[in-house]
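Okay, so here's the structure we're looking at.
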Amino acid sequence: MRVRKFISSSYARALDTVKHELGEDALIISSRCIKPARPGMPGEVEITAAIDYAPVQNWENIGNGKSNASDPDPNFWNNDSLDLPSLVMSLASQSERAHLLGLDKSQFGIFQQMTQSGVDEKLAGKIIEKAGNSCAKDSNKRDQDITKLLTRVMDCAGPVQLTEGSQKRVALVGPTGAGKTTTIAKLAADFSLRQKKKVALISLDTYRMGAFDQLKIYGDIMQIPTELAADKYEFQSSIKKHQDKDLILIDTMGRSHQDAGYAAELKEIFETVGKVETHLVASISSQEKILNAVHKQLAPLGLDRALFTKLDEGLNFGSLLNFSLRTRLPFSYFTSGQRVPEDIEIANQKKVIRLIFN
């Protein structure tokens, strides 16, 4: 990509020079007025513009073994994330990126606040645009409009719902270290001790050393039966053993997000007993690329909810909004801290909004 600056006596003349030098496909990154060096002298206009090296008509040959010596590195252009607009955005300053997203100067403040909290820049731009002109005027009205919009677009499905006379089976799935076992204990304590429901615990985690022992300790303290199932047959047997229970909470083995067979293995186990409600458990401190990879990995299970843990360890919380809008997976619970059962709460949109704008 080629980036150049053009200075002229007027915007129109500078723009003509851009088109003459770089062509009609040039993308304007930024423009600014340059104050005269001395009083009485005319001011000037500076335009920063960019264009790709390869002609558009030759792009279909790039990366297919047909590029010639004058073409750029095929591998460079073969990466979908390195399209021209993305490269321009990465080179521009934050205020320039806000301008490229269609925002005016009066909206830069709220844009900066959102992006510093971890909200994806393009999502932040769309949210501010959707909120309307109030983002450029009264700050109180702006905050109200953004709150209403985020409340509407984020989905929070509420807690695990039990039906009288019917057993609910809930499995927590996700990567190792996300906090599944501790969260299972928190849910068990809430339903067993506070709501007085009949609860059983089943662990499928035969991989992690001491995983079942940890769950068993929680179960013994709460006087809740706890089972270990090494395969689908033992799992089916454990479910039948506890047919009288209102709720069965299932702790699963954690796997790397690169394990392609993880979802298929769990699906085969769950299908032996019928419907199992699945909650994807993820830590707020996880990298967003990993969160997206985990969601993609486990999507074949038919995920029902998302549950974010370790909010007390988070530095920014825009990833909650990013995850919600990208996956459309409803939130069920948030956890923070290790206390059982205190450190768990029902997820709601206002909580996410407070965390982002704190």
Qualifying residue in the range 214-222 (condition: among the polar types (S, T, N, Q) and under 32 Å from the mean Cα position of the chain (by Cα)): yes
Residue check, L280 at pLDDT 95 or above and either crowded, with 21+ Cβ neighbours inside 10 Å or assigned to a loop (DSSP other than H, G, I, E, B) (or both): yes
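Results for (1) farther than 20 Å from L307 by Cα; (2) modelled with pLDDT under 95, shown as yes or no for each residue.
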| site | (1), (2) |
| --- | --- |
| L150 | no, yes |
| V153 | no, yes |
| T181 | no, yes |
| L187 | no, no |
| G210 | yes, yes |
| D213 | yes, yes |
| D251 | no, no |
Selection within the range 215-238 - modelled with pLDDT of 95 or more and among the hydroxyl-bearing types (S, T, Y): T226, Y233, S237, S238
Positions within the range 106-136 being surrounded by fewer than 16 Cβ atoms within 10 Å (Cβ to Cβ), over 25 Å from A50 (Cα atoms) and modelled with pLDDT of 80 or more, in sequence order: G109, Q113, Q116, E129, K130
Selected residue (only one of K275, K267 is assigned to a helix (DSSP H, G or I) and either surrounded by fewer than 22 Cβ atoms within 10 Å (Cβ to Cβ) or touching a residue at least 60 places away in the same chain (Cβ under 8 Å) (or both)): K267
Filtered residue count, the range 323-342, keeping only those that are open to solvent by 40 Å² or more (accessible area, probe 1.4 Å) and closer than 14 Å to A189 by Cβ: 5
A50 being open to solvent by less than 100 Å² (accessible area, probe 1.4 Å), at pLDDT 75 or above and of a type in the set (G, A, S): yes
Total residues in the range 343-354, condition touching a residue at least 60 places away in the same chain (Cβ under 8 Å) and either part of a helix (DSSP H, G or I) or surrounded by fewer than 17 Cβ atoms within 10 Å (Cβ to Cβ) (or both): 6
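So that you can scan it fast, the table gives a plain yes or no per residue for (1) farther than 21 Å from A347 by Cβ; (2) in contact (Cβ under 8 Å) with a residue 60 or more places away in the chain:
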{"site": "A171", "(1), (2)": "no, yes"}
{"site": "G174", "(1), (2)": "no, yes"}
{"site": "A185", "(1), (2)": "no, yes"}
{"site": "L201", "(1), (2)": "yes, no"}
{"site": "R208", "(1), (2)": "yes, no"}
{"site": "A211", "(1), (2)": "yes, no"}
{"site": "L215", "(1), (2)": "yes, no"}
{"site": "Y218", "(1), (2)": "yes, yes"}
Lone qualifier among A171, A188 - being closer than 22 Å to Q243 by Cβ, hydrophobic (A, V, I, L, M, F, W, C) and touching a Leu at 6+ places or on another chain (Cβ under 7 Å): A188
Search result, residues across the range 319-358 that are out of contact with any His (no Cβ under 7 Å at 6 or more places or on another chain) and among the small types (G, A, S): S319, S324, S336, G337, A347
Scan of the range 292-313 for residues that are buried (at least 17 other Cβ atoms within 10 Å of the Cβ) and assigned to a loop (DSSP other than H, G, I, E, B), ordered by number: L303, D304, K310
Breaking point among (1) assigned to a loop (DSSP other than H, G, I, E, B); (2) more than 30 Å from Q116 (Cβ to Cβ), for S286: (2)
Filter result for the condition that a residue is within 23 Å of G125 (Cα to Cα), out of contact with any helix residue (DSSP H, G or I) (no Cβ under 9 Å at 6 or more places or on another chain) and modelled with pLDDT of 50 or more, over L103, L91, L84, L27: L84
Scope the range 149-180; condition open to solvent by less than 10 Å² (accessible area, probe 1.4 Å) and part of a helix (DSSP H, G or I); matching residues: L150
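The values are calculated or read from the model by the stated rules, or taken from the named source; none is laboratory data. This structure is a prediction, so every number in the text was calculated from the model and none was measured. FYI the Cβ positions are ideal-geometry reconstructions off the backbone, even for glycines, and counts take in every protein chain you see. Side chains included, ligands, DNA and RNA excluded: accessible areas come from the protein's heavy atoms. Shrake-Rupley method; radii C 1.70, N 1.55, O 1.52, S 1.80 Å.
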